[in-house]
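The values are calculated or read from the model by the stated rules, or taken from the named source; none is laboratory data. Note that this is a predicted model, so its numbers are computed, not measured. Please note: Cβ atoms are built from the backbone with ideal geometry, for glycine as well, and neighbour counts cover all protein chains shown. Areas reflect the complete protein model, heavy atoms only, side chains present, ligands, DNA and RNA absent. Shrake-Rupley method; radii C 1.70, N 1.55, O 1.52, S 1.80 Å.
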Amino acid sequence: MGNTLKKIGVMTSGGDSPGMNAAIRAVVRTAIYNDIEVYGIKRGYQGMIEGDIYQMKTTDVANIIQRGGTILKTARSKEFHSDAGMQKAYEQLMQHGIEALVLIGGDGTFRGAVQFFEKYTIPAVGLPGTIDKDLAGTDFTIGFDTAVNTAVEAIDKIRDTAEAHDRLFVIEVMGRDAGYIALHSGIACGAEDILIPEQVTHIDEVLDRIDQDERRKKNVHIIVVAEGDDFGGAKEVFARIQERFPMLDTRTCVLGHIQRGGSPSCADRILASRLGHAAVMALIENKTQLMLGVVNNEIAYTPFKDAVKEHSIINSDMLEMIRVLSA
Ligand code: F6P
């Protein structure tokens, strides 16, 4: 049967992530190749409400595969969570004749989608675009690999200066609810300790480990902490270290939003291109209300509500390994 879909909308929403542009490019080019018009919705759900929508051509996505950020811009819309906001958004989609949507974003984007599609029927698929990797149904999210590599580059640099001064560093990485950036960057940089929200942080044990390292005359100690750790971020951990070890030369560094920017890695560009292409093909095949991901190198389809229900599981082998490798 031929393709009956004629007009789709695409948007990026929530925190931006490197590779979102590559995903937009793949969506636009796959749709136009299949004779489907594409409308870019600016600033996520907020632009949907305000009708900030324009038709995209293949040339609009030229020379963006390598760029960080998102040409469609992004926002976290409070208004969309109200009934009136959702109604306005739906009316704008109808006015523009948009028949289906590709939503690129993270946990908040798909929670919004679940709410919206309970009230309004419009076919939609989602692409996991978040540095946090806090969605079920995919091995990786668009932007995670780049963010981790940015963190690794920064932590390596900090280790150089830490070693020169025999200092202890507490480095905070992003991840409000998820510890993947901390876990992966911490392992890759040989961190002495990694504190993540998925595991209860017993601060006295962390301090005891510092004590043991001190006795062994280990002169550099790097602790990577996720911003959302249950004990707190770099500031809180630093305060407790200072209290118990006032003689140690301790510093903190919050890596912050540098982790969200920059040119996407090769892995993120490929993931984004595959998922953007698959999103349009899914809509053509009437697959809807699903987040697309990649599991074991195959495209996987997960209902929005399941994608946001739980994070992908932290591998316990990795957690156990940290102790062994940092000994
Ligand atoms: O996009 C995810 C994320 O980077 C989280 O890791 C972080 O907690 C949050 O966004 C920060 O959001 P904002 O840029 O709105 O302060």
Take Phe117 and decide whether it is of a type outside the set (Gly, Ala, Ser) and touching a Pro at 6+ places or on another chain (Cβ under 9 Å). no
Pro128 fails exactly one of the following numbered conditions: (1) under 17 Å from the mean Cα position of the chain (by Cα); (2) open to solvent by 10 Å² or more (accessible area, probe 1.4 Å). What is the number of that condition? (2)
Quick one: Cys266 ticks every box in (1) within 16 Å of the ligand (Cβ to nearest atom); (2) under 22 Å from the mean Cα position of the chain (by Cα) except a single one, so which number is it? (1)
The condition of being polar (S, T, N, Q) and assigned by TED's automatic domain parsing to the domain that holds His221 holds, among Thr302, Thr288, Thr252, only for Thr252
Ala124 being modelled with pLDDT of 95 or more and under 26 Å from Pro18 (Cβ atoms): yes
Only one residue in Gly68, Gly47 is touching a residue at least 60 places away in the same chain (Cβ under 8 Å) and crowded, with 16+ Cβ neighbours inside 10 Å, so which one is that? Gly68
Considering only residues that are touching a residue at least 24 places away in the same chain (Cβ under 8 Å) and in a loop (DSSP other than H, G, I, E, B), look in the stretch 74-88 and name the one that is most open to solvent (accessible area, probe 1.4 Å). Arg76
Restricting the stretch 202-224 to residues that are in contact (Cβ under 8 Å) with a residue 40 or more places away in the chain and out of contact with any Asp or Glu (no Cβ under 7 Å at 6 or more places or on another chain), which is surrounded by the most Cβ atoms within 10 Å (Cβ to Cβ)? Val224
Any idea which of (1) under 9 Å from the mean Cα position of the chain (by Cα); (2) surrounded by fewer than 21 Cβ atoms within 10 Å (Cβ to Cβ) is the one Asp134 doesn't satisfy? (2)
Residue check, Gln55 away from the ligand (no atom under 16 Å from the Cβ) and assigned to a loop (DSSP other than H, G, I, E, B): no
Surrounded by fewer than 18 Cβ atoms within 10 Å (Cβ to Cβ), more than 16 Å from the ligand (Cβ to nearest atom) and of a type outside the set (Val, Ile, Thr) - does that describe any residue in the stretch 14-33? yes
Only one of these conditions is not met by Glu227: (1) of a type in the set (Asp, Glu); (2) closer than 21 Å to Glu172 by Cα; (3) touching a residue at least 40 places away in the same chain (Cβ under 8 Å); (4) surrounded by fewer than 18 Cβ atoms within 10 Å (Cβ to Cβ). Which number is it? (4)
Hey, Arg67 assigned to a loop (DSSP other than H, G, I, E, B) and either of a type in the set (A, V, I, L, M) or within 16 Å of the ligand (Cβ to nearest atom) (or both) or not: no
Gln199 passes all but one of the listed conditions (1) surrounded by fewer than 20 Cβ atoms within 10 Å (Cβ to Cβ); (2) within 21 Å of the chain's Cα centre (by Cα); (3) within 21 Å of Leu255 (Cα to Cα); the exception is number (3)
Ile104 being buried (at least 17 other Cβ atoms within 10 Å of the Cβ), of a type in the set (A, V, I, L, M, F, W, C) and in a loop (DSSP other than H, G, I, E, B): no
If Val170 meets every condition in (1) open to solvent by 10 Å² or more (accessible area, probe 1.4 Å); (2) touching a residue at least 40 places away in the same chain (Cβ under 8 Å) apart from one, which number is that one? (1)
